[in-house]
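The block underneath contains the structure these notes are about, expressed in structure tokens.
Rule-based calculations on the coordinates, nothing more; no lab input. Nothing here was measured: the structure is a model prediction, and the numbers come from that model. So basically every Cβ, Gly included, is an ideal-geometry build from the backbone, and we count neighbours across all protein chains shown.
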Amino acid sequence: MAKVTSKLQLTVPKAIADQYGIRPGDELQWVAAGEAIRVVLTGKKTANEGERTVAERLELFDQATRRLKHRQRKAGKAGLRPATRGWRREDLYDRGIVD
């Protein structure tokens, strides 16, 4: 028997999950049916849905690299380069040290 948590969450019993093939990430719909509630499996994720091919991952990486270069070019035009901020990274390590 499942119990409702303080956050109004329920755990699907393992026997039911195994019988209907319910896995983490699947979507369940709650339907009022008179004095009862029906739970319908609506969004079934396949085992390979989250996995991408090497070519797909490389294309996503290339897209992210292009976005990063575009942001860096845009920041350079706006004068937001790290060299213009008035301090260097090395300055952080010398603060508070008395010779």
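Points worth noting:
- FRET efficiency, Ala75 to Val54 (Cβ-Cβ, R0 30 Å, nearest 0.05): 0.45
- From the C-alpha gyration tensor of the stretch 1-65, square roots of 5λ in Å: 35, 14, 12
- Label separation (Trp30 vs Asp18): 2.7 nm, computed from points 7 Å beyond Cα along the C-beta direction.
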